[in-house]
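The values are calculated or read from the model by the stated rules, or taken from the named source; none is laboratory data. Computed from a predicted structure; not experimentally measured. FYI the Cβ positions are ideal-geometry reconstructions off the backbone, even for glycines, and counts take in every protein chain you see. Keep in mind that these areas ignore ligands, DNA and RNA; they rest on the heavy atoms of the full protein, side chains included. Shrake-Rupley method; radii C 1.70, N 1.55, O 1.52, S 1.80 Å.
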Amino acid sequence: MAVNEQVYKELIQELSTKQVVLVAVSKTKPVSDIQKLYDLGHRDFGENYVQELLSKQPQLPTDIRWHFIGHLQSNKVKYIAPFVHLIHGVDSLNLLKEINKQAAKHNRIINCLLQVHIAQEETKFGLDSDELEAILNNVGDFQNICIKGLMGMASFTEDVNKVRNEFAVLKRLFDLHTQQQAPNIQFSILSMGMSGDYKIAVEEGSTMVRIGSLLFGARQYNS
Ligand SMILES: *Cc1c(COP(=O)(O)O)cnc(C)c1O
């Protein structure tokens, strides 16, 4: 299935009136799909896997803003450091340290979001509120990163109230730390909401949604 142009246009309309940024999640999708959205004016794309991002990035226009939304391993930071626009899933001080180091090599400041564990499911990555606090209190001398806000994923469930509550928890943490400004802590982005739950996320204060299957069709991993 190719890009759903009509869905894209309606989504952009809906989100732009609320000043919510759309990250089009293009993982597993061909560069032709990305190019098609690009030709409609879209610039923010999200990828989960370093290898896949590295193979797509050189084939596409250089003004694309690449969001890394997957779980990033420290030893792979160096590959995306030259060009990545925003790293959404940062969940340790060690990873931040490595991002800072690689960003410095390229004379860049790399924008990051800290991933908070909001879903009650066991398998999700992310920080709890104490770990979040600890990281924010220890990034003082990292001059080549800027923490722009928080990212989270709600439980995969039909229970709308549960999802809403999880997003509300993240929004409260976001608001709390928005006060805590420093040269490398500048909260303005709250990345929450995917194809199935973005409407709830936006109602709960999301400023950035990450949407894949709604735009590009369902993903097939075993091709
Ligand atoms: C795949 C993915 C998305 C997009 O999911 P859809 O349900 O296809 O919209 C968003 N965020 C993260 C972290 C993802 O891994």
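Between 145, 110, the distinction of being free of Cβ contacts under 8 Å to residues at least 40 places away in the same chain, more than 16 Å from the ligand (Cβ to nearest atom) and either among the acidic types (Asp, Glu) or under 28 Å from residue 54 (Cβ atoms) (or both) belongs to 110 only. Of all residues in segment 104-116, those satisfying the criterion of being within 23 Å of residue 180 (Cβ to Cβ) and touching a helix residue (DSSP H, G or I) at 6+ places or on another chain (Cβ under 9 Å) are 109, 110, 112, 114, 116.
Residues checked against (1) within 18 Å of residue 190 (Cβ to Cβ); (2) surrounded by 12 or more Cβ atoms within 10 Å (Cβ to Cβ); (3) modelled with pLDDT of 95 or more; (4) in contact with a strand residue (DSSP E or B) (Cβ under 9 Å, 6 or more places away or on another chain):
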site	(1), (2), (3), (4)
101	no, yes, yes, no
113	yes, yes, yes, yes
132	yes, yes, yes, yes
149	yes, yes, yes, yes
153	yes, yes, yes, yes
161	no, no, yes, no
165	yes, yes, yes, no
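Sub-8 Å Cβ pairs linking a first residue in segment 5-19 that is on the phi > 0 side of the Ramachandran plot to a second residue that is open to solvent by less than 100 Å² (accessible area, probe 1.4 Å), at least 6 apart or interchain, are 19/207, ordered by first then second residue.
Number of residues in segment 17-47 that are in a loop (DSSP other than H, G, I, E, B) and in contact with a His (Cβ under 8 Å, 6 or more places away or on another chain): the value is 0.
Do you know which of the residues in segment 188-210 that are over 19 Å from residue 68 (Cα atoms), away from the ligand (no atom under 13 Å from the Cβ) and not in a helix (DSSP H, G or I) is least open to solvent (accessible area, probe 1.4 Å)? For segment 188-210, the residue satisfying everything is 205. Does at least one position in segment 164-179 carry a residue that is part of a loop (DSSP other than H, G, I, E, B), more than 21 Å from residue 67 (Cα to Cα) and out of contact with any helix residue (DSSP H, G or I) (no Cβ under 6 Å at 6 or more places or on another chain)? Yes: segment 164-179 contains one or more residues that are part of a loop (DSSP other than H, G, I, E, B), more than 21 Å from residue 67 (Cα to Cα) and out of contact with any helix residue (DSSP H, G or I) (no Cβ under 6 Å at 6 or more places or on another chain).
Got a sec? Which of 210, 219 is of a type outside the set (A, V, I, L, M, F, W, C) and under 17 Å from residue 119 (Cα atoms)? Among 210, 219, only 210 is of a type outside the set (A, V, I, L, M, F, W, C) and under 17 Å from residue 119 (Cα atoms). Restricting segment 54-68 to residues that are under 14 Å from the mean Cα position of the chain (by Cα) and open to solvent by less than 70 Å² (accessible area, probe 1.4 Å) leaves a set whose member that is farthest from residue 112 (Cα to Cα) is 66.
Filter segment 69-83 for residues that are within 15 Å of the ligand (Cβ to nearest atom) and crowded, with 17+ Cβ neighbours inside 10 Å and give the result. If the condition is that a residue be within 15 Å of the ligand (Cβ to nearest atom) and crowded, with 17+ Cβ neighbours inside 10 Å, then 69, 70, 72 are the ones that fit.
Within segment 92-116, the residues that satisfy the criterion of being over 20 Å from residue 25 (Cα atoms) and of a type outside the set (A, V, I, L, M, F, W, C) are 92, 94, 97, 98, 100, 101, 102, 105, 106, 107, 108.
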